[in-house]
Amino acid sequence: MPRSTKTGRKSTAINTRFFTARFACRISVAITASMQLPAFLASCSTDAPAPVARLRIEREASGSRALDVFVFEGEAPYPLDSYQQFPAGEEPVYAVSGPGKKRVVAVTSTSGDLYARASVSRYQDLAKESFSLLEDSPDAPFCYGETNVEEGSSGSVKLTLKPLISSIRVRSVSCNFSGRGYENVGFRNDSLYLINVVSETCPLGAEGGRPVSWLNYGFPSYSHPYLEASGPGKILYCYPNPDGSPPTRLVLEGTVGKTRCYYPITLPLVKSGSRLVLDIIIHRMGTSDPDSEALPGTYTVEFITEPWYERETAIETY
């Protein structure tokens with residue numbers, strides 16, 4: 001079933017796990033020496049030297065959320081050098097930092113409260129902060145990004161700010177029961193839903209984040225528009241599940257003739273800020289349990305991954 005897309009990447013799996021992802025929500029951070037901006041809101045020392053670096057941050061996915069920018073010292077224990085919060089919007093913003101090696105972190109605010117993160121004094125404090133899927137929004141997603149700035153850096157340093165949330169869309173479901181005793185019966189799909197979905201996660205400090213809690217563990221028990229749909233074409237949402245224990249699964253529930261059955265499809269690692277599009281062909285009767293592995297050959301799935309945003313980003317040098 002050959003397909004082509006302008007921006008996506010395609011792979012085909014037969015009851016297997018395979019995935020590649022791209023991110024296209026970017027922040028451009030340009031750093032130069034000897035440029036002054038207003039004093040930062042928090043500092044680890046009142047005697048710190050005057051700021052010597054300016055960071056230009058282009059916001060492409062902040063939506064209606066405020067943006068917090070932290071600059072930490074670049075060596076353990078990574079104490080805070082400066083902190084600034086910027087109001088919601090999409091215009092470029094500017095942050096400042098002191099001299100030396102730094103770790104720069106940009107995170108959208110959960111509330112817009114100026115003092116919500118006032119207790120952060122080290123990078124590890126921020127890395128403990130968790131985000132909730134049910135408080136997230138595709139229209140104004142929680143976003144994050146971080147990068148290291150080496151001492152003496154000049155020119156442009158690029159930082160990727162990506163949405164934490166990802167989307168899942170089943171574009172088509174078809175069946176091919178050729179050679180089966182029920183080949184003329186077909187499959188009626190009543191619903192689609194996600195199970196074993198990460199509900200809360202800490203995105204910083206670990207590849208893929210650190211899941212804290214799950215929704216629909218083992219069986220659909222929580223009803224939410226992010227997790228269920230009446231059929232193909234609808235978009236579902238989830239957070240990364242890097243350990244896959246338990247694995248996040250997309251379940252097709254319906255009937256073959258009069259038999260109720262399920263097609264639990266173990267999703268590949270759905271990374272932050274990606275769109276996963278699926279085309280599914282069913283070849284045999286499904287399982288009796290929505291959280292059980294299907295037999296090999298039960299279905300064929302074509303995965304296409306796309307970026308959340310598709311924009312060209314200019315990197316400006318000062």
I'd like the Karplus ³J(HN,Hα) series for segment 260-276: coefficients 6.51, -1.76, 1.60, θ = phi - 60°, whole numbers in Hz, and an x wherever there's a Gly or Pro. 6, 8, 10, 10, x, 10, 5, 7, x, 4, 8, 7, 4, x, 10, 10, 10
Estimated FRET transfer efficiency (Arg122, Ser245; beta-carbon r; R0 22 Å; 0.05): 0.15
In segment 122-258, how does Rg compare with the Kirkwood Rh, expressed as the Rg/Rh ratio over alpha carbon atoms? 1.13
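Here, each number is a calculation from the coordinates, and none is a lab measurement. Model, not experiment: these values are computed from the prediction. Reconstructed Cβ throughout: ideal geometry from the backbone, glycine too, with neighbour counts over all protein chains shown.
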